[in-house]
Amino acid sequence: MRLLFSILLFTTLHVSAQVEQKRDSLNPERLEEVVVTGQINPQSVSKSVVEVKVISRKDIERQAGNTLADVLNTTLNLNITPNTSTGKSGVSLFGLDSQYFKVLIDNVPIINEEGVGNNTDLTLINLDDIERIEIVEGAMGVQYGANAVSGIINIITKKSSHNDWEITAYSQEETIGDEYEWFDKGRHIQSLKVGHNFSEAIYGNVVYTRNDFGGFYDEKQGENYELNDGLRGHEWLPKLQQNAKGLVSYNKENLNIFYRFDYLNERIERFSENVDLNENAATGTINPSALDEIYKNNRFYHHLNATGLLNTIGYNISVSYQKQTKDLERYTYRIRSQEKENIEAGEYQSRSAFFSRGTFSNIINTSKANMQLGYELTAEKGSGSSLAIVIGPGSDAITQELNNYDFFAASELQLTDRFSLRPGFRASFSNLFDTQYIGSLSAKQSLGDDWELRAILGSANRTPNYNELYTYFVDVNHNVQGNSNLNPEKGFSTFLHIKKKSSLGDGTFRLKNKLSFNYLNLNDRIELILVNQNPLEYQYNNIDSFRALGVFSENEVFYKKFKGQIGVSLQGISKVLDSRTQSNDDFLFNLQLNSNLSYNAPKLKTTFSLFFKYLGEQQQFVEKTNDQGEQEFIAGKTDPYSWMDATINKSFFDGAFTTTLGCRNLFDVTQVNTTAFEGGTHDGAPAQISLGYGRSYFLKLTYNLKL
């Protein structure tokens, strides 16, 4: 890929003066995004009854984001925490982790090792073919079913082009803290995308991306270190991702069809810090070895979609088949000869799902009312769990199924010129759980002078995941079991948004201000609890609850070539731990600030950008032993920290080349101190949380050819 990029660079220097990019002069600049998430019909953000936040393609490019985690890292109310021991990223929205919100691609939930749509690792989602990202906060159970308790993230892909040919290639080199080498250290990314209009009706594209993260060494010494002093391996695990995508779309009058394919391969290497010296007393020599592991993740994604009009009925039907497997290879590594021995390999986890979603709009279509009917079908199969890693690869795993059959209806009622109402209802049938009923009610009131008021009430449930239902980890030292009698958790949320648009100086200075109030409630929360003291036995049960209460404000300012976004949020979290003999239901509050600033210098063809987020002190009740040896609940604390990224984006040769120079983690954050966690069965509570590997720098070179 690097050689390919060099060839493209050399070629363009010779032909750039001769290449004229095709411009669509008839298409005026869109002043407002058209959104599809949660809508009966696609419509502008201002007309939507549901509040939708949009991250545009330009925002993604300014940030030089390669994965969804890169782009959402500074989003208000959404926190991303990397896991250095697994290579995954944990995510929470309004204090609820990724089990409680859904990640979709073109309205289809994406599979992962723990389910469909939820618990998604955001570092596994590449953004090279993404048009925009739409985010809805709050329960969206009527439109998107189970696990959409705290919100949804919907990724909209690009399916057309104004140009006959589009070729985009880029190479990005990035340091990992202060570590960088051409092959073994740092982050190395290469990508090639080719799009073509085969006719007026048929468009297709293919994308290949390679993302090589060399790991963060810090004081560690890597794979071939042979001393048994705890310095072998990496602080952050090395990870290689390869992603291939393809799309074909057909657009003709009242019929649009597309098929999208996505294949992801990820390889994570874990080199043990423990070294067996294998001393030979007779010869006085050593032959050091270590027990190492390689994790391989494969994900296949197929999506066929058709939208159009049948008489006056608008339909949107998707059919998707997805599969994700995780393989584990364990072996003895002879460090001096760099050879593998005693290789044990096999699949330890597998998920597959057939998914279909259909909506039929304009069932009732008048100037005052519009009605939509829909269905959703999910047939999911799974085997193995995260605990299967302990048991070992290739062990027998029982395949289980979870099937959902949902039907929903929503309508938009324009009761007056300024007031609209949107009720919704869903019934969810399952092979494992009782029928679930979900409702929602949204309202929008235009108050005049560019004032808008939105109120959204919604419910959603979270279905138990595979581990909670089917875990069976019983040996001499452990007894941890799932519970097939679990009930879905029941969630409810209400949001109130007040928005105002203002302009001064004939529109030279523009403001968009939003003040929001939120409340989330979750009952029957599933927790792993002690069910027998002697011998110790643990089982998952519906027992705890959760509440979140807060206020946040998001504001945008536009002045000539300057654009700024500033947000502030104060959220209180209350966890009622009925699973404990003691508990405390007090609200613990956390302050967040974020900003996204950019300045465009047209004469220099350069954009300067800053991305900032501040997380105040976070608190969580934990059970500790006091000086008298008694158990009590105290408010553990995680220290506050600030995160900032900066980029400079410059184009050359009429946009044929773009260079992005940037710095991530300007404040050099690595770890923060915490007392907000309890110890596990065999280890103590962590004293620090890893957040980053220090200040890093990157250079991205992009080639664009449009014919």
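With the structure loaded, tell me whether residue 170 is aromatic (Phe, Trp, Tyr), assigned to a strand (DSSP E or B), in contact with a strand residue (DSSP E or B) (Cβ under 6 Å, 6 or more places away or on another chain) and closer than 19 Å to residue 649 by Cα or whether it fails that test.
yes
Looking at segment 625-636, can you tell me whether even one residue there is within 25 Å of residue 513 (Cα to Cα), touching a strand residue (DSSP E or B) at 6+ places or on another chain (Cβ under 9 Å) and not hydroxyl-bearing (Ser, Thr, Tyr)?
No.
Considering only residues that are polar (S, T, N, Q), under 27 Å from the mean Cα position of the chain (by Cα) and assigned to a strand (DSSP E or B), which ones fall in segment 482-535?
If the condition is that a residue be polar (S, T, N, Q), under 27 Å from the mean Cα position of the chain (by Cα) and assigned to a strand (DSSP E or B), then 493, 494, 513, 516, 518, 521, 523 are the ones that fit.
Which residue is surrounded by the fewest Cβ atoms within 10 Å (Cβ to Cβ), if the candidates are limited to segment 632-678 and must be among the hydrophobic types (A, V, I, L, M, F, W, C) and outside any strand (DSSP E or B)?
667
Residue pairs, Cβ under 6 Å, 6 or more apart or interchain, first in segment 685-699 and surrounded by fewer than 16 Cβ atoms within 10 Å (Cβ to Cβ), second in a loop (DSSP other than H, G, I, E, B) and at pLDDT below 90. List them.
685/677; 685/678; 685/679
Answer yes if at least one residue in segment 105-112 is assigned to a strand (DSSP E or B) and not aliphatic (A, V, I, L, M), and no otherwise.
yes
Which of (1) crowded, with 22+ Cβ neighbours inside 10 Å; (2) at pLDDT 95 or above does residue 412 not meet, given it meets every other one?
Going through (1) crowded, with 22+ Cβ neighbours inside 10 Å; (2) at pLDDT 95 or above one by one, residue 412 breaks only (2).
Residues in segment 526-581 that are surrounded by fewer than 18 Cβ atoms within 10 Å (Cβ to Cβ), closer than 30 Å to residue 74 by Cβ and of a type in the set (A, V, I, L, M): how many?
6
Could you say which residue among 104, 68, 127, 26 is aliphatic (A, V, I, L, M), farther than 21 Å from residue 518 by Cβ and modelled with pLDDT under 90?
26
Kindly indicate which of 235, 200, 173, 179 is more than 27 Å from residue 692 (Cβ to Cβ), among the acidic types (Asp, Glu) and surrounded by fewer than 22 Cβ atoms within 10 Å (Cβ to Cβ).
200
Of all residues in segment 238-286, count the ones that are buried (at least 20 other Cβ atoms within 10 Å of the Cβ) and among the aromatic types (Phe, Trp, Tyr).
2
Among 325, 307, which is the only one that is under 20 Å from residue 42 (Cβ atoms), surrounded by 17 or more Cβ atoms within 10 Å (Cβ to Cβ) and free of Cβ contacts under 8 Å to residues at least 60 places away in the same chain?
307
Can you find a residue in segment 203-213 that is among the basic types (Lys, Arg), assigned to a loop (DSSP other than H, G, I, E, B), open to solvent by 10 Å² or more (accessible area, probe 1.4 Å) and out of contact with any Lys or Arg (no Cβ under 9 Å at 6 or more places or on another chain)?
no
Filter segment 495-516 down to the residues that are touching a His at 6+ places or on another chain (Cβ under 8 Å) and surrounded by fewer than 18 Cβ atoms within 10 Å (Cβ to Cβ) and list them by number.
515
The values are calculated or read from the model by the stated rules, or taken from the named source; none is laboratory data. Just so it is clear, the structure is predicted and the values come from calculations on it, not from any experiment. Note: ideal-geometry Cβ built from the backbone for every residue, glycine included; neighbour counts use all protein chains shown. Accessible surface areas use protein heavy atoms only, side chains included; no ligands, DNA or RNA. Shrake-Rupley method; radii C 1.70, N 1.55, O 1.52, S 1.80 Å.
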